[in-house]
Amino acid sequence: MTPPSASHRERKKARTRAALIEVSQRLFAEKGYSETTLEDISLEVDVRPQTLLRYFESKAHLALAPLTGALDELRHYLEDPARRTDTLTAWREYMRRESSELVAPTSEVISSYVHNLREFRRWGDRDPVLVAMASDIDRRLRELLASSLAHDRGVDPDDLHSTLVAALLVAGRLAVYERWLDREVDAGSLVEDQLAVIDYAVRSLPRRSAQRLLTVAEG
């Protein structure tokens, strides 16, 4: 028999990965994160638990797959040498799409994920692994944005101004989503609030303030 082509294998792997994310998010929403086992997920996707672990290191990695997938997509775009859009414009469009999708999901995966976000917040003893991993995703997002902002300006990757702007953007994004999860504001309000965070960051930390910041930091 002729071995399957590389493209066929890759498509099959992509389908399996997508199925694992879809099924896991649905089961987490239906049964709860703690009550759902890797065996439950594997059984529905018709793979062995060992196969699942070749795609995702742990249940926590699977639970946060929508977040890491979005981060990887943004990284791929921002680090593309052919990119012509500046970082703030790209981030603005990213936040517009992300906010709209969370409020009015176009897929069952995102719908289940939003449900899971609310459930995770209700746990009195939230899973420490999930908390640590979510925090690490925010750290990686800050570093990605800071590096991309610095690249736009032609300055060093550890440029203080770029780092502070990135930190404000990521912290603001999280604060707006926390508020939304509590109050369930409508799609228009969520998008407007996220874009307002970007405008605030630009106004509050203009590039001309960088030298003053450096002086303060060194003093």
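Across region 98-145, the number of residues qualifying as among the polar types (S, T, N, Q), surrounded by 15 or more Cβ atoms within 10 Å (Cβ to Cβ) and under 13 Å from the mean Cα position of the chain (by Cα) comes to 1. From the list Glu30, Glu10, Glu35, the lone residue that is open to solvent by 60 Å² or more (accessible area, probe 1.4 Å), at pLDDT below 90 and under 13 Å from Asn116 (Cβ atoms) is Glu30.
When Asp46, Asp80 are screened for being surrounded by fewer than 18 Cβ atoms within 10 Å (Cβ to Cβ) and more than 23 Å from the chain's Cα centre (by Cα), only Asp46 passes. Considering Arg208, Arg179, the condition of being more than 17 Å from Arg97 (Cβ to Cβ), at pLDDT 80 or above, basic (Lys, Arg) and open to solvent by 30 Å² or more (accessible area, probe 1.4 Å) is satisfied by Arg179 alone. Contact annotation: no residue pair with Cβ atoms under 6 Å, 6 or more positions apart or on different chains, pairs a residue in region 32-56 that is in contact (Cβ under 8 Å) with a residue 40 or more places away in the chain with a partner that is acidic (Asp, Glu) and part of a helix (DSSP H, G or I).
The values are calculated or read from the model by the stated rules, or taken from the named source; none is laboratory data. What you are looking at is a predicted structure, and each value in this text was computed from that prediction instead of being measured. Methodologically, a virtual Cβ is constructed for each residue, glycine included, from the backbone with ideal geometry; neighbour enumeration extends over all protein chains shown. Surface accessibility is based on the protein's heavy atoms, side chains included, excluding ligands, DNA and RNA. Shrake-Rupley method; radii C 1.70, N 1.55, O 1.52, S 1.80 Å.
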